[in-house]
Structure formats: structure tokens, C-alpha cells
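Scroll down for the structure; my scribbles are underneath it.
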Amino acid sequence: MRTRYLKIDPLVPELHKIRLAARILARGGVVAFPTETVYGLGANALDGRAVRRIFRAKGRPADNPLIVHIASFQDVQELVAYLPPRATLLMQHFWPGPLTLIMPRSGIIPDEVTAGLATVGIRMPSHPVAQALIRAAHLPIAAPSANTSGRPSPTTGQHVLRDLRGKIDAVVDGGPATVGVESTVLDLTTPVPTILRPGGITYEDLQAVLGEVAIDPVVKGQQVEHPKAPGMKYKHYAPAGEVFLVTGDLDRVVARVRALVAAWQSRGRRVAVLATRETAPAYQAPPRPDYLEVLGSRRQPETIAANLFSALRNCERHHADIILAETFTEEGIGLAIMNRLRKSAANRIIRA
Ligand code: TXA
Ligand code: MG
């Protein structure tokens with residue numbers, strides 16, 4: 001299959017390109033497009049066959065449900081059985097934006113989307129290209145992240161092409177995603193709304209509006225037999241090469257990372273380090289890592305979130321066998337950063 005590549009202006013999307021992509025979706029095709037969080041791989045959410053093509057292109061397990069993307073508040077009605085308490089309040093505060101709400105599904109959603117669950121995840125993205133595309137298609141769009149299953153989520157059109165070229169109908173390239181980690185998934189079917197996946201809208205943001213918010217234990221790395229968001233049980237965000245997290249007091253972390261660089265290099269392995277602006281100078285002196293990525297500043301954790309997935313892919317391009325990552329406080333967006341890092345490291349955590 002030839003994958004069409006449509007470069008688009010992220011702020012003022014060219015209408016003819018939006019219309020072309022929308023036509024592909026309306027005919028049952030699959031199209032990757034930018035959102036404010038990561039790139040999504042979209043298909044008509046009301047067409048089970050189209051949705052199956054998403055699973056095939058990504059190699060995604062069929063029991064992992066997809067998020068349905070909409071562009072106007074009225075679009076929610078036909079997708080849910082009823083609106084749970086607090087749904088409207090949350091939509092008013094956080095939509096459009098990186099918050100996915102898990103609600104009881106209606107009958108028009110095919111089982112392929114929800115993986116047979118009685119609930120559906122819905123979100124309204126704020127990215128102008130995503131909004132224009134959903135509007136032009138006149139359809140709810142089911143879209144997981146546009147990566148091969150198990151790999152770091154894509155934050156640029158190039159990341160999408162690297163994973164899915166030849167497997168999807170088109171990529172709409174609107175430049176880098178700004179948030180860089182996926183939406184927060186909030187379950188509204190529990191007595192207290194529960195964060196199943198931390199993301200662009202933080203725990204603190206939700207607490208300010210809701211008062212009480214719970215965090216599912218898997219968010220902080222606890223292993224459970226039947227996670228509520230099926231996606232949480234799979235290998236995730238894994239580049240080629242093994243990721244290790246180094247935690248503890250920052251000075252000790254830096255010293256330990258340097259010692260680990262020397263140790264792995266002496267065994268002939270290529271080592272990458274994911275550092276921050278504050279710590280990067282310490283890695284300039286030998287033992288120097290084979291690749292050093294400065295994620296951003298600890299004082300602006302949003303910069304770290306924005307670069308995290310592309311950093312993991314950069315380590316891969318530099319053929320790192322071992323990737324050593326510093327760790328972060330789990331406040332604000334830090335909860336999402338650490339959740340993604342822990343998953344990419346498959347819980348390989350070293351205490352400094
Ligand atoms: O920011 C995002 O959410 C991006 C962009 C493209 O919108 N999408 C995304 O989709 O990250 P995906 O498929 O990579 O992750 C969706 C997560 C999975 O962990 C899935 O298990 C969970 O949401 N999920 C979806 N529907 C669910 C449901 N009905 N109940 C529980 N979890 C659900
Ligand atoms: Mg994903």
C-alpha cells in the first residue's frame with residue numbers, strides 16, 4: 001500500500017488537504033494525524049471493518065480498546081448510554097484537551113472499538129488539524145497512538161512513517177505534538193473518578209475541579225492481574241535497547257549513572273543517557289556516554305514530557321544497547337513522565 005504524505009500547516013490547516021484526508025476516512029481508510037498529545041491513527045469509529053484495519057496496521061492486541069475522538073460537545077450524546085455524574089463538568093473544564101473520559105457506551109459503537117467492554121473512552125482533542133479533520137469527516141474517529149504496538153508513541157510525522165509507512169493510507173504531518181505524552185484516561189464509572197492513565201491533564205488539575213480523584217495502582221507501577229485499562233498490561237514505549245531508570249537523590253543518581261556508563265562500556269555496550277539541563281554538564285567528562293539526550297529542564301517538566309518519546313527513538317537511532325534515564329518527582333505532569341518511563345523500562349529500576 002502506498003502511504004500518502006500530506007504536510008499541513010498546524011495552525012491554519014489547508015482545507016483541500018483536510019478534505020482529502022476526510023474522504024479517505026469516510027471510505028473506510030486509516031489516516032494518521034496530529035493531536036496535541038501524540039499522533040493518532042484514525043478510522044471511522046462507527047465502522048468495525050475500518051477499525052480492524054487500525055489493529056492490523058499497528059499489530060495491536062484485539063482486547064485493547066480505542067479512544068473515540070470528537071469535535072463538538074453534541075457528538076457525545078449518541079456515543080454514550082448516559083452521561084455519568086461529573087461528565088459535563090469535566091468536559092466544560094478540560095475539553096478540548098488531553099482528557100479521555102471512560103463512560104457507558106451506546107449501541108452504535110462497534111465491539112472492535114471497545115474490545116467488547118461496556119464502556120467507551122471519548123476525548124475532544126484541541127489540535128486544530130485534529131478538529132478540522134473530525135469536522136470534515138462528519139464522523140467520530142477511533143484513534144490509538146500511531147505507532148507500531150509496543151513502541152514509543154509518535155510525536156512527529158516522521159515517527160509515524162518510520163513505524164507505519166506502507167501499512168496505512170495517509171499521514172497528515174502537522175509538525176511536532178506539543179504535550180508529548182498521551183491524554184489522561186479517567187474512569188467515570190467508578191464511585192470516585194479514577195485515573196487509569198496519567199497524562200496531559202494532571203491529577204492536581206482534576207482534583208481542583210472534582211475534589212476527590214483516585215489513582216489506579218497500575219499508574220505507579222504496581223502489577224495487577226486484570227488492569228482496568230487493558231492497554232496497561234502490555235509492553236509499552238519500548239525502543240530497541242534496554243531502558244533502566246536510576247532513582248534517588250539527584251547527586252547520587254548522576255554519580256551512579258556515570259558509574260553504570262563506565263561499567264557497560266567496558267563490556268562493549270553502547271550506552272545512552274537521558275539527562276536534564278541541570279545534570280547534562282556532569283556527563284561531559286569521561287566516562288562519556290555514546291549518546292546524551294537532554295530532555296529539558298527540571299524546572300519546566302512540560303519540556304521533558306514534550307521530548308520524552310522522541311528521545312527514546314533518538315537513542316535507538318544511535319544504536320544504544322543500554323539507555324540510562326534519570327527520574328523525576330511525580331507531581332503535576334511528572335506522574336505521566338514517570339509512568340511512561342517505568343513502562344519503557346519494564347520496571348528495571350536501580351536505586352542510587
Ligand atoms: O492522547 C491520546 O489519548 C492519544 C491520541 C491519539 O488521542 N491516543 C492514545 O490511544 O493514546 P491509545 O490507544 O494508545 O491508548 C488508549 C488507552 C489504552 O491504555 C486503553 O486500554 C485505554 O486507553 N482505554 C480505551 N478505552 C477504554 C475503556 N473503555 N476502558 C478502559 N480503558 C480504555
Ligand atoms: Mg498507545
Cα gyration tensor, the range 1-87 - rounded (a/c under 1.5), prolate or oblate: oblate
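If you take every DSSP beta bridge whose two residues both sit in the chain, what share of them, in percent to the nearest 5, is antiparallel?
Working: 17 of 48 bridges.
So the antiparallel bridges in the chain amount to around 35 percent.
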Lys pairs, the chain - Cα-Cα below 21 angstrom, 8 or more residues apart or on other chains: 14
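Only bridges whose two residues both fall in the range 208-352 count here: according to DSSP, what percent of them are antiparallel, nearest 5?
On the way: 0 of 16 bridges.
Counting DSSP beta bridges with both partners in the range 208-352, the antiparallel share is about 0 percent.
What stretch of the chain, leaving out the sites themselves, is the longest with no chymotrypsin sites (Phe, Trp or Tyr not before Pro) in a DSSP loop having at most 15 other Cβ atoms within 10 Å?
Details: sites that count: Y82, Y234.
The reported range is 83-233.
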Sparsely packed trypsin sites (Lys or Arg not before Pro) within the range 196-280, loop by DSSP, other Cβ within 10 Å at most 15: K235, R267, R269, R277
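Read the figures in this text as sums done on the coordinates, not as results from a lab. Please read these numbers as outputs of a predicted model, since none were measured by experiment. In this analysis, Cβ positions are derived from the backbone assuming ideal geometry, glycine residues included, and neighbour counts consider all displayed protein chains.
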